[in-house]
Amino acid sequence: MKRFFFLLLPTALAAQNPDSLKTFNTDEVIVTATRASLNTPTTFSIVKSKELEPINLGQDLPVLLDFTPSIVTTTDAGAGVGYTGLRIRGSDPTRINVTINGVPVNDAESQSVFWVNTPDLFSSVEDIQIQRGVGTSTNGPAAFGASINIRTRSVSSVPYGAFSVSGGSFNTIKLTAMGATGLLKNKFFAEGRLSKINSNGYIERASSDLWSYFVTAGFQHKKTSLRFIHFYGHEKTYQAWYGVPENMLKINRRFNSAGTDFGAKENPWKNEIDNYRQQYFQLFITQQFSPQWMLNVGLFTTLGKGYYEQYKVKQLLSRYAPVFDSIHFSIETDLIRRRWLDNVFYGSVFSLQYERKSFQFTLGGLASQYLGKHFGNVIWNAAGIPFSDKKKYYESNSVKNDINVYAKANYIIAASWTLFLDVQYRYVAHRGKGDDNDNNYLNFDRQWHFFNPKAGISFLLSPKHNFYTSVAVGNREPARDDIAYNRASKSETLIDWEGGYQFRSSRFPIQLNGYYMHYKNQLAITGKLDDVGFPIRVNVPSSFRAGIEIAGAVIVMAKKLSREVFRIQYNFTYGQSRIREFTQSTPTYNESYTPIDTLTLEQKFTNTRMALSPDFIGGLELIGTPWRGLRIALSTKAVSKQYLDNTQDERKKLKPYSYSNLNISYSFMINGNKEVSISLLINNLFNFMYENNGYTFSERYVNGGEVTAPVIYNFYYPQAGTNYLAGIRVKL
């Protein structure tokens, strides 16, 4: 497997070289505007789909990226299928900008990415560029930890068909069928994929029922191309976002309270599910005016609709007006409710690119609007009281407009020095009005104007030795819930300094880089979750992340065979993430669990570690190819201690953990034109019991007239012990 982190070899960068624009590859033009190129002085890496095909057996995209630098992955169901996520340099998913073909994927309101909505997306991916830090200007929310730029599959010039089936532990099964027409009359093309994934999950009842499809079609002729892309995902997952209480870890690591209303219901409700579907539409028109000038314009629409279902015990019906008549408001009964989200996100992206000899220039931007509806209804009640399942017991609407324009320039001086300049203006307007699930009235209308400059310089000492340094500024608005519930009122600013050295060797590639990310008014996670498992955040005045990243490989070639036979790949991150000063509140409750605001405990902390930000992340892969077609890879990941909140309290932490995965794959040809690939993946080979995510909260109580000391509640997300997936893929 030839994975070159940090773009260590020019051969791994062909798609990013500005010279490639001269060949007019429409797939490259679509994404180059928001990507870093070989001579851009910033920290980034590329993962190509071919490198991860042997392990693409059903687990979600974040899990497949687990061994890239500075990444920590999470999975609620414990086996990599369903709700999964990732953090980069300790930054949570809301701070990682994700685009597909330059189109924003982050939810406009929560700013997060829900990978479960795009099942088996990786099967339709050509490559992924991960920029750590602020990176270059992109579309959507600013990158405050990293950006992930996904390019979907390039146009196949020849027809093909492929089918794969895989399965394994926890009744996991994945079916994928793909095909392409190739270039018809050297102009027209079409390609498609259909996928189905099912898994019971490691955690009790944490099942996933996922299916998706991907289609693309268009034409390219001389200097013009038109490409339409549409993909769809539908997920039904049994909820597992509450985690496992600390006191249950030694009793039943697979415990799931979902469906029991936190233990109030004895037998879990069988349909406590999240049911959501999402559709993406993208249309790109590319025109090359001359060898120097090229224009790309994209139109997009993303449609999302779904709900999650809850069994609630002893609910006072007055909370659910006007679903029930007022004569029943004083009655308490069990009921089943659904909380809905119905939204549309649409807009346009563009980039005008100019290249001539030692100068490259890009002018690009985005204009988008998000329309979101939040509402809830009731579908059943235990008392048999008449109600309307069409009426809504709460409803709110929101609108978010996002406009940005950026200009980027690379100027090469004397073939050794490259100057980089990137400026972006971004305007955001977000308003919302209505009621929420707890009958709170919401009404907000906010606007922001952001200016995000970036500059850097790189020096090519020789074809093998390159140095770079850069500084970038990012500004970011609060999310919907931050504003609506007054958790955070200020936008945040990040100044990111990056610097590094690359040794571009075919045998011993290596990159060393350092970073210092200074935040003002950072929206830091507190360690607490809201009632749908989403992290609660607050502004902290001053904080930083600083560290060193090393990545590289040692490659052994067999001269007689004229090919690679063994490789050692590694990446290590050591960093510190600190909050200089912040205040944490611990609520106090009376005997009826009503908060007593006058007894809220306020504690001030200084120079503490940020929540869920390990000081050390390391990955080591040993890859052998003893004969052509056979690949054996042993991968080990280690993550140091993490705290669940920002108090650096030893009682609230994730223990250090490590695990190893073994992958054996073999590819061969039948009849000269049929490729067969067989793969086995054993996850957590040595059966370590560990948790890779968690949350915490503290409360005080009035007991006999006295106020107790804070009581700590920790919850964790245990991961599966040794488990396996195996699959076969046939390509015609």
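The values are calculated or read from the model by the stated rules, or taken from the named source; none is laboratory data. Not measured: the values here are computed from a predicted model. When we count neighbours, we look across all protein chains shown, and the Cβ atoms used for this are built from the backbone with ideal geometry, even at glycine. We work out accessible area using only protein heavy atoms, side chains counted, and drop any ligands, DNA or RNA first. Shrake-Rupley method; radii C 1.70, N 1.55, O 1.52, S 1.80 Å.
If R0 is 22 Å, the Cβ-Cβ spacing of H518 and T606 corresponds to a FRET efficiency of close to 0.85. Magnitude of the charge dipole for region 580-732, about its Cα centre and with charges confined to Cβ atoms of Lys, Arg (+1) and Asp, Glu (-1), is about 1040 debye.
Putting +1 on Lys and Arg Cβ atoms and -1 on Asp and Glu Cβ atoms, find which of S658, T583, I596 reaches farthest to the positive end of the dipole of region 573-690. Value: S658.
So for the chain, taking the charge dipole from beta-carbon charges (+1 Lys/Arg, -1 Asp/Glu), which of A455, P718, F188 sits furthest toward the positive end? Of A455, P718, F188, it is F188.
Note on H465 and K560: the model spin-label points, each 7 Å out from Cα along the C-beta direction, lie 3.7 nm apart.
Just the number, please: carbon plus sulfur as a percent of the accessible area of region 63-174, 1.4 Å probe, no ligands or DNA/RNA counted. Ligands and nucleic acids excluded, carbon and sulfur give 59 percent.
Applying both filters, DSSP loop and at most 15 other Cβ atoms within 10 Å, to the GluC sites (Glu not before Pro) of region 242-308 gives E266. So if R0 is 35 Å, what FRET efficiency would F163 and L226 give, r being the distance between their Cβ atoms, rounded to the nearest 0.05? According to the calculation, E is roughly 0.75. Of all aspartates and glutamates in the structure, the ones whose alpha carbon falls short of 15 Å from that of K408, not counting any fewer than 8 places away in one chain, are E355, D422. Keeping all protein chains in place, calculate the accessible area per residue for the chain (probe 1.4 angstrom), answer in Å². In whole numbers, the chain has 39 Å² accessible per residue. Expressed as a whole percentage, what fraction of the accessible surface of region 512-567 belongs to carbon and sulfur atoms when a 1.4 Å probe is rolled over the protein heavy atoms? Summing carbon and sulfur atoms, their accessible area is 70 percent of the total for region 512-567. Exceedance of the 26 Å cut-off in Cα-Cα distance is limited, within the set K196/K400; K50/K196; K236/K637, to K196/K400; K236/K637.
Checking every one of the trypsin sites (Lys or Arg not before Pro) in region 535-606 against DSSP loop status and a limit of 13 other Cβ atoms within 10 Å picks out K559, K560. Take W211: with every protein chain present and a 1.4 Å probe, its accessible area is about 90 Å².
For the chain, the relative contact order works out to 11 percent when only alpha carbon pairs closer than 8 Å and six or more residues apart are counted. Where the centroid of each part is defined by its Cα atoms, how far is region 279-301 from region 120-188 in Å? Rounded to whole Å, the Cα centres lie 19 Å apart. Say the cut-off is 25 Å between C-alpha atoms; which of K390/K433; K250/K314; K391/K433; K174/K528 go over it? Over 25 Å Cα-Cα: K250/K314; K174/K528. Straight Cα distances below 23 angstrom link K187 to the lysines K22, K222, K223, with same-chain residues fewer than 8 positions distant left out.
Spin-label model, L622/S388: points 7 Å from Cα along the beta carbon direction are separated by 6.8 nm. Counting every pair of alpha carbons in the chain, the share spaced more than 51 Å apart comes to 11 percent.
The trypsin sites (Lys or Arg not before Pro) of region 329-396 meeting both criteria, a DSSP state outside H, G, I, E and B (loop) and at most 13 other C-beta atoms within 10 angstrom of the site's C-beta, are K357, K390.
As a fraction of the 1.4 Å probe accessible area of region 422-489, surface on carbon and sulfur atoms comes out at 54 percent.
Annotation for E675 and I379: the two label points, set 7 Å from Cα along the Cα-Cβ direction, are 4.3 nm apart.
What whole-number distance in Å separates the alpha-carbon centres of region 504-566 and region 234-251? With region 504-566 and region 234-251 each reduced to a Cα centre, they are spaced 28 Å.
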